[in-house]
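Just below is one structure, and these are the notes that go with it.
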Amino acid sequence: MRPGDAEYKNIVSEFSGNERPPIGRFAPSPTGKLHFGSLVSAVGSYLQVRRAGGLWLIRIEDLDPPRERAGAAAAQLTTLARFGLLSDRPVQRQSRLRPRHDAAMRQLLRRQLAFHCACSRRDLPASGVYPGTCRRKPADGRPARSVRFRVEPGQVRFVDLLRGPQNQVPAEQCGDFIILRADGLIAYQLAVVVDDGASGVTEVVRGSDLLDSTGRQILLQEALGLPRPAYLHLPLIVDDQGRKLSKSRADDPVERYCLREALRLALRALGHEPPAGVQSLESQWRWALKEWSIERIPTGPIAIDVQGCRHDDYTPSDDAPISL
Ligand SMILES: [Zn+2]
């Protein structure tokens, strides 16, 4: 969607006084059922953009078929819908957007902002920083395996809405990074930038595990002439032993939780636990939309005990249906 499209004009006309509505998104990978850490990202991104009267989109990041589980995307969408989390536009599947990823990659190659690389993992130093081996041509005349984006020395500065000014040096973090993988799949970094740009996403709200890759994504945005969205990296959710929840509880899906209790815990993780009298899903959402403030979000990591809201015999009909 771009300025000039009928769809764009319709949406903009709903926002009198604003040139463009804010657009946020939640982009889960269908590698399993929705876990609590993902729910927190969904709730945070939803509240941040809805509080400002904007649109919230869901995009399934199904870029990596070997890591996917059959039916996971549908199960995640069903779980989100039970919380009232519905995309304001048709849900996109990243795997179907490959032509535009390829077009972006070809453009970068044509402009020599990317290059073919013949190196395998074994050729890389232990630091993981690409030494520039194939920058001029693939080493030793070996066949190209992947495509890398050319990273020049220098800082990438941006402001995280929660964490303040950030300063990353991708040349020291990773060097020239992969945009087309040796297995023929488009790399996450390129796909996320191209798709956020094409959807007009103005706010990227996600887990702080992705903070480190923001500098790389900004370099790609600049190379492709895409606008830079605002960034907000939410606290990481850990268990009582400090382990990332998505790792330690990968087999413990949110769909087994009581919805009201799970939403309350997600809001608590975001520094917005509703008062005890605010019980139903609908009243929790109303309260959170009214109270939402970035200043209240902890920078984390946050230890949350999800055991309390897990009910093996739970059925979603125990919660009243909601309409937001
Ligand atoms: Zn190489």
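Just so it is clear, none of the values below were taken in a lab; they were calculated from the coordinates. For clarity, every value in this text was computed on a predicted model and none was experimentally measured. Cβ: placed from backbone, ideal geometry, glycine included. Neighbour counts: every protein chain shown.
Sorted fewest first by neighbouring Cβ atoms within 10 angstrom, 102, 239 come out as 102, 239.
Reported to two decimal places, what Rg/Rh ratio describes region 185-240 when computed on Cα atoms with Rh from the Kirkwood expression? Each step should come with its number before you reach the end.
Values: Rg = 12.2 Å, Rh = 12.0 Å.
Looking at region 185-240, the ratio lands at 1.02.
For residue 279 and residue 161, the difference between the fully extended length at 0.36 nm per residue and the C-alpha to C-alpha distance is 39.5 nm. Residue separation of residue 86 and residue 169 scaled by 0.36 nm, minus their Cα-Cα distance, works out to 26.2 nm of gained length.
With bins 10 Å wide beginning at 0, the percent of Cα pairs of the chain falling in each bin runs 5, 24, 33, 24, 11, 3, 0. Summary value for the chain: 20 percent relative contact order, contacts being C-alpha pairs under 8 angstrom separated by 6+ residues.
Compared with the alpha-carbon gap, the fully stretched path from residue 307 to residue 182 is longer by 40.9 nm at 0.36 nm per residue.
The trypsin sites (Lys or Arg not before Pro) of region 17-76 that meet both conditions, a loop assignment by DSSP and at most 13 other Cβ atoms within 10 Å of the site Cβ, are 69. Note on region 60-180: Cα Rg divided by 2.2 N^0.38 Å, N the number of residues, gives 1.38.
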